[in-house]
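Taking it in order: structure first as structure tokens, then the write-up.
The values are calculated or read from the model by the stated rules, or taken from the named source; none is laboratory data. Because the structure is predicted, anything quoted here is derived from the model rather than measured. Glycine gets a Cβ as well: all are built from the backbone with ideal geometry, and neighbour counts include every protein chain shown. The accessibility values were calculated without ligands, DNA or RNA, using every heavy atom of the protein model including side chains. Shrake-Rupley method; radii C 1.70, N 1.55, O 1.52, S 1.80 Å.
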Amino acid sequence: MNDTELDRLLDSWDAPVPPPSLRAGLHARFPRPEPQRFTRPLRWTLIIAVASATLAIGMEQSGNNPWDFRLVRTVNRLYEDFMNMLESWRARSLVARIRQSEPRVYVDGLRVGPLEYGPATRIDVQVPGEGVYSIISFPGLTGWVEAGHIHGNVIEFQAGSKQVRIECNQPIVDSDRPIFAMRRRP
């Protein structure tokens, strides 16, 4: 008998339907699932978590914080410095993309002179009747206020009573980012 003949024979064969008692008998032979209970390690984990939370609340209410020692402060400062370095790198990268995208500056819809690039991540914009405004994308610096947003290939911000729009010929950000501005000179 070859494969083709075997296939024809199997196709023509009708297997009998198994009786319902077969299914019930198989189910009876398998062990029933036991309800899930806390295992001993999970219980200890729960007890330790509750005790830690209670201790933390008690220490906060007493005003003494034994965790506030030199190592924790050093790790905190290193983390803040790393985050500032990362944000500074992102801002420098953004300024480099703006420089390479042939930006055109419009104040209240009228085209004005080109951008001037200050030190590090600062961009200066000459706003007629208002003076020079510097913009950055780096948050948290003293004296800088959020004045607008960057979206796609457009930077828009408010400079005094004027609306400034900087259009670039290629996208400079993937998602909206705030712009911070400061008036430099009248």
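Nearest 500 deg cm²/dmol is fine: what mean residue ellipticity at 222 nm does the chain get from its DSSP H runs of n ≥ 4 alone, each adding -39,500 (n - 2.57), divided by its residue count?
Helices in the chain give a 222 nm mean residue ellipticity of -13500 deg cm²/dmol.
Place a label point 7 angstrom from the Cα of Arg90 along the Cα-to-Cβ direction, then list the residues of segment 148-186 whose backbone nitrogen is under 19 Å away.
148-156, 171-181
Where only protein heavy atoms count, and the probe is 1.4 Å, what is the accessible area per residue for the chain in Å²?
Per-residue accessible area for the chain comes out at 77 Å².
So how far apart, in nm, are the two label points at Asp174 and Asp7 if each is 7 Å from Cα heading toward Cβ?
That separation, rounded to one decimal, is 5.1 nm.
How about segment 1-54: which chymotrypsin sites (Phe, Trp or Tyr not before Pro) there lie in a loop by DSSP and see at most 14 other Cβ atoms within 10 Å?
Taking segment 1-54 and a limit of 14 other Cβ atoms within 10 Å, the loop chymotrypsin sites (Phe, Trp or Tyr not before Pro) found are Trp13, Phe38.
Using a Förster radius of 25 Å, what is the FRET efficiency between Glu34 and Thr54 based on their Cβ-Cβ separation? Nearest 0.05, please.
0.15
Are there chymotrypsin sites (Phe, Trp or Tyr not before Pro) in segment 102-135 that DSSP puts in a loop and that have at most 13 other Cβ atoms within 10 Å, and which ones?
none
So how do Met1, Met83 rank on accessible area, 1.4 Å probe, biggest first, that is with the largest at the start?
Met1, Met83
Just read off the accessible area of Asp108 with the full protein assembly in place, 1.4 Å probe, to the nearest 10 Å².
Surface accessible to solvent at Asp108 totals approximately 90 Å².
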